[in-house]
Each structure stands twice: as structure tokens, then as C-alpha cells.
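Below is one structure, written out as C-alpha cells, with a few remarks after it.
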Amino acid sequence: MNGFFIGAAITAAVCVLWWTVKSEKGARSFVLSALQGIAAMFAVNLTGLFTGVTLAVNWYTIASFIVLGLPGVIGALIIRLIIN
């Protein structure tokens, strides 16, 4: 099961990097998406004081939020909802 998640993460990272190289404004869009992902993570953790929903902050989650952006944060919240 762990290998599946690693494979999915590598596939997602390759897809995002491929899109960044092929797009005219890929690097700029990638940086903005990464900043949105990090900002969303901080927003979720700040509002977690009131809602009780927080995301773990470690290298894996930060990397996924940087590579995937806002959809990565939403995916992490959905996974947290399913697991709990």
C-alpha cells in the first residue's frame, strides 16, 4: 500500500513538471500554485483552532502542497475526512 502512494506521488510530480515545461507561463503558474497551496495549508491550520480540523506539517505534506497546490490541500482534507 505504501508503494502505491509513493508511485502516485511520483506520477503526480512528473505530470506537474511536464505541464510546467510545456506551458508558456508554466513556471510562473507553478510558483503561484505552490504559494496558494502553502497559504491554504496555513489557513486550514489557523482555522483549525476554531474548527478542530488541522493538517500535519511535515516534509511529505509540504511537498505535496507545493507540487499539487490547492487541489493537494483539498485532497489531504478529503483523505483526513475518510480516515477519521
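The values are calculated or read from the model by the stated rules, or taken from the named source; none is laboratory data. Because the structure is a prediction, the values reported are computed rather than measured. Backbone-built Cβ (ideal geometry, glycine too); neighbour counts: all protein chains shown. Surface areas here come from the heavy atoms of the whole protein model, side chains and all, with no ligands, DNA or RNA. Shrake-Rupley method; radii C 1.70, N 1.55, O 1.52, S 1.80 Å.
Which pairs do you get when a residue that is farther than 20 Å from Ala63 by Cβ, found in the stretch 34-50, comes within reach of a residue that is open to solvent by less than 100 Å² (accessible area, probe 1.4 Å), reach meaning Cβ atoms under 7 angstrom, with the pair 6+ apart or on two chains?
Gly48/Thr54
Which one is modelled with the lowest pLDDT among residues in the stretch 15-57 that are within 14 Å of the chain's Cα centre (by Cα), open to solvent by 60 Å² or more (accessible area, probe 1.4 Å) and of a type in the set (Val, Ile, Thr)?
Of everything passing the filter in the stretch 15-57, Val31 is modelled with the lowest pLDDT.
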